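Below is one structure, written out as structure tokens; comments come after it.
The values are calculated or read from the model by the stated rules, or taken from the named source; none is laboratory data. Source: prediction; values computed, not measured. Glycine also receives a Cβ, built like all others from the backbone with ideal geometry; neighbour counts cover every protein chain displayed.
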Protein chains: 6
Amino acid sequence: MTGTEKKTGVPISWFPVPDESELPESLQGLFAKARENLGFVPNVFRAYSFRPERLSAWFSHFKILHEPTENLSVAEREMVAVAVSMENGCLYCLVAHGAALREALGDPILADRITLDYRRAGLDERRTAILDLAVKVTNEPLECSPEDIEKLKGFGLTLEEVWDVIEIASMYNFTNRMSLACGKIPNEEYHALAR
Amino acid sequence: MTGTEKKTGVPISWFPVPDESELPESLQGLFAKARENLGFVPNVFRAYSFRPERLSAWFSHFKILHEPTENLSVAEREMVAVAVSMENGCLYCLVAHGAALREALGDPILADRITLDYRRAGLDERRTAILDLAVKVTNEPLECSPEDIEKLKGFGLTLEEVWDVIEIASMYNFTNRMSLACGKIPNEEYHALAR
Amino acid sequence: MTGTEKKTGVPISWFPVPDESELPESLQGLFAKARENLGFVPNVFRAYSFRPERLSAWFSHFKILHEPTENLSVAEREMVAVAVSMENGCLYCLVAHGAALREALGDPILADRITLDYRRAGLDERRTAILDLAVKVTNEPLECSPEDIEKLKGFGLTLEEVWDVIEIASMYNFTNRMSLACGKIPNEEYHALAR
Amino acid sequence: MTGTEKKTGVPISWFPVPDESELPESLQGLFAKARENLGFVPNVFRAYSFRPERLSAWFSHFKILHEPTENLSVAEREMVAVAVSMENGCLYCLVAHGAALREALGDPILADRITLDYRRAGLDERRTAILDLAVKVTNEPLECSPEDIEKLKGFGLTLEEVWDVIEIASMYNFTNRMSLACGKIPNEEYHALAR
Amino acid sequence: MTGTEKKTGVPISWFPVPDESELPESLQGLFAKARENLGFVPNVFRAYSFRPERLSAWFSHFKILHEPTENLSVAEREMVAVAVSMENGCLYCLVAHGAALREALGDPILADRITLDYRRAGLDERRTAILDLAVKVTNEPLECSPEDIEKLKGFGLTLEEVWDVIEIASMYNFTNRMSLACGKIPNEEYHALAR
Amino acid sequence: MTGTEKKTGVPISWFPVPDESELPESLQGLFAKARENLGFVPNVFRAYSFRPERLSAWFSHFKILHEPTENLSVAEREMVAVAVSMENGCLYCLVAHGAALREALGDPILADRITLDYRRAGLDERRTAILDLAVKVTNEPLECSPEDIEKLKGFGLTLEEVWDVIEIASMYNFTNRMSLACGKIPNEEYHALAR
């Protein structure tokens, strides 16, 4: 039952999904916290808990990439997430981070537009340049060059923040593939969130 | 000086490279251990130490993916690494993990062949199927399906090991992009290693 | 004012948008009917009315493709629309026909899943085969063959309905390109529709 | 017999081709007019007449796109047709509109060159820019931007004519896919026409 | 004058074209022979004569690939030439070898169809399999395998003839690139040849 | 035995490999010379000798492309070879010409870097521009234009040397496909050469 969506009855992963009670305490804590903050446990946690040690290790890395800095906000980090996920066509991340972007922006229409096509979403040059680099890292990483770094610095990002754009984009190239190849299905709750 | 190769004088990253002495103790320990085992500190550590917290988090995840299991050896995990890196054309990972594969196999010719074209390296059906999935996860993750999982199970891998193939392949889609977009250059020492 | 979205102030087209009152009577009738049925005039009508004769001609063709038949329902025709639009990354059609699919299915979660990745939406073999052909017509039309037609007939579609799958898929390859290259932006109202 | 070429005996469509006498009067008129002007009925009409209502609707839209204007001649509209059809590799449209371009230009050599590679056909900057946009609309519509519109305006096209370039290019992305996926074969007569 | 087409005045190469009288005797002989057989000197000879030694060396290799054998006729070798050239979009080779195929088949309609889309030209399984391999060698040579060789042997080709399919396909990947990157333009005479 | 590698026992070709003693004298001479210079007969010779006349004709053309000129050295011609071979993923040429580049440069590290990613190998603008054109000829020959020729002239190459870049790049598009589609495997000796 753990591994199946309530309403639709669709399995949330092509791999077995362990019962929450069998998981290490630290993960039970993570799940509890998610339930508190979000109202439910993201399916990516439940699906990834087939390999509990991996989930812990990955999430420790993943979560710090979304911490905001002066010139790269929570919303802008989610924009990188959805722009990359749209290039890869990742159902899970488009739904879950589409919802997160709606929440972060407080503007569901703008968030949906960025998720589906940031180029036509009316973004300013700075945000467009950030997402252009995320897409370049995704689709033609061989073509990346020091000029790409300079370009974002020209829009006021620190070197650390340019690195973040690259690292977040690279991370979603990891999570998109994990979700697609493991058949992870996003929680039903995401679809109505922050609308 | 930290960030430049000794002989070639080429910078090892397009981002600043901090001096080892400025790094947190845990990373200094990691570097020392690498120096002990390998004879040098991999440039990926030095380049990534521009963001020390990130290096720690990433490496904690990364390293456990290379732990061998009964049906997926150290060498086979390196094969996934190089097959993905060849698809993405990642200089750093082809050189560093090409060397690791030579070491793991104790056969530099076979290792080089697998690194450059696993399809013509004379591998058996089982290893070919493993690398075919790694490449599918890399190039057409949308096309992945439960049948891919079944196929590898048919070659004797446990479900956990099939997951590993997917997770390692996804991980190198992360590290390849990080290396390519940050301009990370592999240590000169790798080229002659295990020949 | 006609050519700009109310809330976001974003222009709905990169071409001029005429005032509704200047349009031929037949188009004013079309707009009135849309306002009655939908509550608003779709931006594709307003943007396309820069060339009123063209809008009339195109819409006369377009609308008959969405008429349901015994084995190809209104919802299934919308599924073809969104599957093609996702391949092409068309913001306008993903938003507008994503909404239409939610309405047609009465199931916003299933509709969103199909819109973003029909392969992981839990569809049966018949619907998957229909959408596979739509995607083949979109991405590799040269590879289409009589076997594709036979395959859909094997799932109970009439020859006329197989033709419809092809014609709808081809049509969205027209409308996607029109929307993308003319910079058409979907109405804000679509985002909350049928949720 | 209706649906098979005279000399080669090749079927002109993978779908059934109705006898002309069974078609609605308006289509019989269309066929008669084609026979009068061209000497034969284009196979696209005969193949499309499997769905008579569709043929009427499509052709009403299609034909107005080829009406010349001051800065976009009959020949230039055919150039857009063949440039798009070459990108998609559409046998039917390359043969039929290759012939139409020979006729429109009165220069079979130039017409053939444009059909096969407009980039090396010796065209001036204006025509090259028109065909570059047609190809961009075909192959990377997501990358289209307001600058593309400005560029063609800079070569003297009106906004309506820039729209036409986009709409004709989009239309051939429709007809190419219909022809390829329905297996439409061009009339034998086209090959020798206007040579 | 040597390097410019008579009627159209278009240069036949982006590189200088030497006067025939300056060429080595052996090439003057080659040109004379072509003039005798074909009525004109192919522009590929004139353009390539910028590097006379290269022209001699290349042509010595090229010409033997078109010598017919029992199960791979002159026409079938030209089919490989045009199928590859269509994949690469090579104006020169499509025009010149399209004419050669018309001549070899004595059937301009069938020849044109094969040139533009061999898949819909009504070819039998054997010829289709030959051209499928030529296209695979062109577009995805990494995916070639011993099974491809076995497949053509199953259609009655000797191992030498299978090799020929591969070598001719590879050769046109050479000549297509030479023609495209040197701006070689086919002789005006080809267009009307063998119609 | 002729057609199998000593240590690994892997066949060097998917086609039969004749015994050296059966070959025409001129080829026996070529083999003897290779053995003298290199210490072994390259497998490409042995594999290609299945068609002795072809081997002679091809090699007569191939070898003159590697003759150095004032502004395009032996090493730079090998750089074109490996850059193209990396785009095509050709095991044979990457191993054999990777070794030749190590030898020509006398710098195994730089040679390996250029072989795997010339963009990050620290090359100067002139060499980068040469390899950029080689890759353009390989991947998007249709986009080549007279400007590409001018660009290399601006770096001091003669027109003949620009032609050479194009002809060598085109040649490796031939040899890469021959090696990949015939299953040619590089000699074991290459891997340790010039390290």
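The table below lists the values:
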{"read-out": "Criterion violated by E:Pro68 - all others in (1) surrounded by fewer than 17 Cβ atoms within 10 Å (Cβ to Cβ); (2) closer than 22 Å to F:Ile149 by Cα; (3) without any contact (Cβ under 8 Å) to a residue 12 or more places away in the chain satisfied", "value": "(2)"}
{"read-out": "Subset of the stretch F:155-180 [under 18 Å from the mean Cα position of the chain (by Cα), of a type outside the set (A, V, I, L, M) and more than 10 Å from chain E (Cβ to nearest Cβ)]", "value": "F:Glu161"}
{"read-out": "Given (1) hydroxyl-bearing (Ser, Thr, Tyr); (2) touching a residue at least 24 places away in the same chain (Cβ under 8 Å); (3) closer than 18 Å to D:Leu91 by Cα, number of the condition E:Tyr92 does not satisfy", "value": "(3)"}
{"read-out": "Test: residue in the stretch E:93-110 that is under 11 Å from the mean Cα position of the chain (by Cα) and surrounded by fewer than 17 Cβ atoms within 10 Å (Cβ to Cβ)", "value": "no"}
{"read-out": "Per-region count, the stretch B:181-195, residues more than 9 Å from every other protein chain (Cβ to nearest Cβ) and touching a Pro at 6+ places or on another chain (Cβ under 7 Å)", "value": "2"}
{"read-out": "Test result for F:Met86, within 30 Å of B:Asn88 (Cα to Cα), within 14 Å of chain B (Cβ to nearest Cβ) and not aromatic (Phe, Trp, Tyr)", "value": "yes"}
{"read-out": "Those residues of the stretch A:89-111 which are more than 10 Å from chain C (Cβ to nearest Cβ) and in contact with an Asp or Glu (Cβ under 7 Å, 6 or more places away or on another chain), in sequence order", "value": "A:His97, A:Ala100, A:Leu101, A:Ala104"}
{"read-out": "Top-ranked residue of the stretch B:144-195 - restricted to ones that are surrounded by fewer than 23 Cβ atoms within 10 Å (Cβ to Cβ) and of a type in the set (Lys, Arg), ranked as nearest to B:Arg54 (Cα to Cα)", "value": "B:Arg195"}
{"read-out": "Of the criteria (1) without any contact (Cβ under 8 Å) to a residue 12 or more places away in the chain; (2) closer than 26 Å to B:Arg119 by Cα, which one E:Val84 fails", "value": "(1)"}
{"read-out": "Number of positions in the stretch C:112-133 that are in contact (Cβ under 8 Å) with a residue 24 or more places away in the chain and either touching a Pro at 6+ places or on another chain (Cβ under 7 Å) or facing chain A (nearest Cβ under 9 Å) (or both)", "value": "2"}
{"read-out": "Residues satisfying the stated conditions in the stretch D:134-154, i.e. more than 9 Å from chain C (Cβ to nearest Cβ), closer than 20 Å to D:Ala81 by Cα and not charged (D, E, K, R)", "value": "D:Ala134, D:Val135, D:Asn139, D:Leu152"}
{"read-out": "Members of the stretch E:1-48 that are on the phi < 0 side of the Ramachandran plot, among the small types (Gly, Ala, Ser) and within 12 Å of another protein chain (Cβ to nearest Cβ)", "value": "E:Ser13, E:Ala47"}
{"read-out": "Matching residues, the stretch B:1-33, being farther than 17 Å from B:Tyr92 by Cα and touching a Phe, Trp or Tyr at 6+ places or on another chain (Cβ under 7 Å)", "value": "B:Pro16, B:Pro18, B:Glu20, B:Leu30, B:Phe31"}
{"read-out": "Residues being more than 23 Å from D:Trp58 (Cα to Cα) and either among the hydroxyl-bearing types (Ser, Thr, Tyr) or in a helix (DSSP H, G or I) (or both) - total across the stretch D:176-195", "value": "4"}
{"read-out": "Residue check, D:Gly98 touching a Phe, Trp or Tyr at 6+ places or on another chain (Cβ under 9 Å) and closer than 25 Å to E:Glu5 by Cα", "value": "yes"}
{"read-out": "From B:Phe15, B:Phe40, B:Phe62, B:Phe31, residue being touching a residue at least 60 places away in the same chain (Cβ under 8 Å), in contact with a Ser or Thr (Cβ under 9 Å, 6 or more places away or on another chain) and within 25 Å of F:Arg113 (Cα to Cα)", "value": "B:Phe62"}
{"read-out": "Only one of F:Val80, F:Val137, F:Val84 that is within 16 Å of F:Ile166 (Cβ to Cβ), over 13 Å from the mean Cα position of the chain (by Cα) and β-branched (Val, Ile, Thr)", "value": "F:Val137"}
{"read-out": "Tally of residues being buried (at least 18 other Cβ atoms within 10 Å of the Cβ) and in a helix (DSSP H, G or I) across the stretch D:115-126", "value": "6"}
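Here's the yes/no breakdown for (1) farther than 30 Å from D:Pro24 by Cα; (2) at pLDDT 95 or above; (3) of a type in the set (A, V, I, L, M):
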| residue | (1), (2), (3) |
| --- | --- |
| D:Arg54 | no, yes, no |
| D:Glu70 | yes, yes, no |
| D:Val74 | no, yes, yes |
| D:Cys93 | no, yes, no |
| D:Gly98 | no, yes, no |
| D:Asp117 | yes, yes, no |
| D:Glu125 | yes, yes, no |
| D:Ile130 | yes, yes, yes |
| D:Lys151 | yes, yes, no |
